[in-house]
Amino acid sequence: MNKIAQPTFLQVAQLGQPVLRKKAKEVKEIQHADIQELVHDLIATLMDVNGVGIAAPQVYRSLRLFIVALIRIPDIRKPLT
C-alpha cells in the first residue's frame, strides 16, 4: 500500500484566473496515487482556509474533482447539558 506524504497546502486561485473558466478534465482513475495525493492536499487546504468546499480548478488543477466538508451540527431542539 502506498503511503501518502504530509499534505501540501495549495495556492487558491482568485476570481478572474483563467483556470476557473476552463473546462476541466474528467478524472477516470480516482484511486491513482496522484489523484489520491491531490485529494489529500485539497482536504488539507480546505481545512487551512476554513472552507466548506473546494474544487481542483481552485488550486490550479483543471480536473473534475471537488471536496465538500460535512460537519455535524448539534440538534438545536435538544437542550444542552
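How much FRET efficiency would the formula 1/(1 + (r/R0)^6) give for Leu70 and Gln17, where r is the Cβ-Cβ distance and R0 is 22 Å, rounded to 0.05? Walk me through the numbers before you get to the answer.
Working: r = 27 Å, r/R0 = 1.23.
Computed FRET efficiency for Leu70 and Gln17 comes out at 0.25.
Tell me the label-point distance for the pair Lys28, Ser62, using the 7 Å Cα-to-Cβ offset, in nm and rounded to one decimal.
Here the modelled spin labels are 1.7 nm apart.
Output the peptides 35-43, 60-68, 18-26, 47-55 sorted from most to least packed, where packing is the average of other Cβ atoms within 10 Å over each peptide's residues. Write out the running numbers ahead of the final one.
Values: 35-43: 17.4, 60-68: 15.2, 18-26: 11.2, 47-55: 13.6.
Per-residue mean Cβ counts within 10 Å order the peptides as 35-43, 60-68, 47-55, 18-26.
Laboratory data are not the source of any read-out in this text; all were calculated from the coordinates shown. Everything quoted here is computed from the prediction, not taken from an experiment. Here the Cβ is made from the backbone with ideal geometry for all residues, glycine too, and neighbour counts use every protein chain on show.
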